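This report refers to the structure that appears directly beneath it.
The values are calculated or read from the model by the stated rules, or taken from the named source; none is laboratory data. Just so we're clear, the structure is a prediction, and the values are computed from it rather than from any experiment. All Cβ positions, glycine included, derive from the backbone under ideal geometry; neighbour counts span all protein chains shown. Note: areas computed on protein heavy atoms with side chains; ligands, DNA, RNA excluded. Shrake-Rupley method; radii C 1.70, N 1.55, O 1.52, S 1.80 Å.
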Amino acid sequence: MTDVDLLRQESLNAIAACISSAALEEQRVALLGKKGKITEALKTLGGVDAKTRKTLGAALNEIKNDITIAIEAKKAALFSQELNARLASEKIDVTLPAQPIQQGRIHPVSQVIEEITAIFAELGFSVADGPDIEDDDHNFTALNIPESHPARQMHDTFYLQGNGDGKTLLRTHTSPVQIRTMRAGKPPFRILAPGATYRCDSDITHTPMFHQVEGFVIDKNIHMGHLKGCIVEFLKTFFELDNVPVRFRPSFFPFTEPSAEVDIGCKRSRDELKIGEGSDWLEIMGCGMVHPSVLKNCGIDPNEWQGFAFGMGVERLAMLKYGIPDLRTFFESDARWLKHYGFDPLHIPSLVGGL
Ligand code: DAH
């Protein structure tokens with residue numbers, strides 16, 4: 001066997017003998033690295049005569065090639081071997097009995113969604129949902145927010161690659177569920193749609209993912225009095241107050257006309273916020289009468305049907321009701337936080353037991 005054949009054989013044997021990715025990497029460096037055997041051998045070519053250089057050079061390059069291919073193949077084999085070993089060693093037995101239930105806590109977001117849903121269920125609403133990944137039409141256009149409408153800039157939208165047409169996005173609000181529900185059914189509607197929403201925004205009062213509850217009613221002869229009654233009733237029950245100061249302040253949303261923002265009376269002091277008393281106001285939701293164009297976009301005749309809609313932020317309501325000071329802590333998955341602010345599944349607030 002010539003030296004070159006020997007070098008080739010030894011190298012391939014060494015690669016084949018590697019039993020881990022780390023060992024293989026070491027072997028690769030030992031062969032092809034800056035000071036590797038093959039690299040060193042190639043360096044000697046400069047010192048030999050032209051004829052030898054030609055044959056020896058070709059042979060060495062061929063070895064280098066074979067080694068590279070062998071290393072790649074070995075790498076792939078070791079990878080799947082190691083993955084299988086990990087999968088086998090890290091498997092869990094899902095049939096084991098659960099830990100004592102007191103360990104678990106209901107997250108305030110889930111709890112508040114439950115409470116809101118329970119209150120509106122009493123008022124005759126049923127729950128609907130829609131996808132988190134939406135298209136431009138449901139999230140914007142059908143809601144009377146055409147392309148180039150300034151309202152689009154107010155939603156810091158996460159666009160997805162989708163079909164490459166720039167039309168797939170993470171829904172920026174729960175309002176697209178209005179469109180989906182109206183297009184799929186026939187009026188009247190009395191719908192509540194809780195769910196996750198997304199905006200490219202992150203600071204003390206914003207997280208890129210948050211939750212909203214959307215509500216809407218479409219029926220005959222619906223007017224703002226119904227909207228007001230419904231919202232006031234909700235706030236009274238949610239905050240457990242017989243008399244809650246509520247203010248409807250004119251505002252703008254493209255999908256409602258007229259539009260309003262709802263403020264709730266409160267008292268703000270240095271480090272406390274009391275709902276229901278004092279002379280300060282706190283914005284709590286957006287609402288309005290569903291815009292005729294939105295109804296038309298869903299095939300509903302606005303001369304025959306009218307309705308109102310509202311949308312509120314779940315985390316904000318949870319913070320106010322349960323005195324949670326920092327929004328960002330909601331999604332840090334800190335077990336101590338959840339133990340403190342979460343709800344014992346066996347003692348959750350309910351409409352019957354008190355919210
Ligand atoms: N979609 C609005 C937002 O996220 C909230 C909203 C306002 C929803 C008014 C409504 C409404 O249904 O009528 O900012």
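Of the conditions (1) in contact with a Gly (Cβ under 7 Å, 6 or more places away or on another chain); (2) open to solvent by 40 Å² or more (accessible area, probe 1.4 Å); (3) among the hydrophobic types (A, V, I, L, M, F, W, C), residue 331 clears all except one; give me its number.
Unmet for residue 331, out of (1) in contact with a Gly (Cβ under 7 Å, 6 or more places away or on another chain); (2) open to solvent by 40 Å² or more (accessible area, probe 1.4 Å); (3) among the hydrophobic types (A, V, I, L, M, F, W, C): (1).
Restricting to segment 1-28, name every residue that is within 18 Å of residue 79 (Cα to Cα) and among the hydrophobic types (A, V, I, L, M, F, W, C).
Residues satisfying the conditions are 14, 15, 16, 17, 18, 19, 22, 23, 24.
Take the residues in segment 203-246 that are outside any strand (DSSP E or B) and free of Cβ contacts under 8 Å to residues at least 24 places away in the same chain; name whichever of them is farthest from the ligand (Cβ to nearest atom).
Filtering segment 203-246 for residues that are outside any strand (DSSP E or B) and free of Cβ contacts under 8 Å to residues at least 24 places away in the same chain, the one farthest from the ligand (Cβ to nearest atom) comes out as 242.
Residue 172 is checked against (1) under 25 Å from residue 330 (Cβ atoms); (2) away from the ligand (no atom under 13 Å from the Cβ); (3) assigned by TED's automatic domain parsing to the domain that holds residue 257 and fails just one. What number does that condition carry?
Every listed condition holds for residue 172 apart from (2).
Among the residues of segment 193-246, which ones are closer than 26 Å to residue 332 by Cβ, touching a Phe, Trp or Tyr at 6+ places or on another chain (Cβ under 7 Å) and open to solvent by less than 60 Å² (accessible area, probe 1.4 Å)?
Listed by number, the residues that qualify are 197, 198, 207, 208, 209.
Restricting to segment 299-318, and then to whatever is of a type outside the set (Lys, Arg) and under 20 Å from the mean Cα position of the chain (by Cα), can you tell me which residue is farthest from the ligand (Cβ to nearest atom)?
318
For segment 182-192, enumerate the residues that are within 12 Å of the ligand (Cβ to nearest atom) and open to solvent by 10 Å² or more (accessible area, probe 1.4 Å).
Answer for segment 182-192, where residues must be within 12 Å of the ligand (Cβ to nearest atom) and open to solvent by 10 Å² or more (accessible area, probe 1.4 Å): just 191.
I need the full set of residues from segment 1-40 which are crowded, with 18+ Cβ neighbours inside 10 Å and modelled with pLDDT under 90, in order please.
The answer is 7, and nothing else.
Please work out which residue is nearest to residue 15 (Cα to Cα), limiting yourself to segment 66-94 and to residues that are outside any helix (DSSP H, G or I) and of a type in the set (A, V, I, L, M, F, W, C).
Residue satisfying both the conditions and the ranking: 92.
Check residue 124 against each of (1) assigned to a loop (DSSP other than H, G, I, E, B); (2) open to solvent by 60 Å² or more (accessible area, probe 1.4 Å) and name the one condition it does not meet.
(2)
Say whether the condition of being within 22 Å of residue 211 (Cβ to Cβ) and surrounded by 19 or more Cβ atoms within 10 Å (Cβ to Cβ) is met by at least one residue in segment 272-279.
yes
Is segment 324-340 home to any residue that is closer than 13 Å to residue 111 by Cβ and free of Cβ contacts under 8 Å to residues at least 40 places away in the same chain?
no
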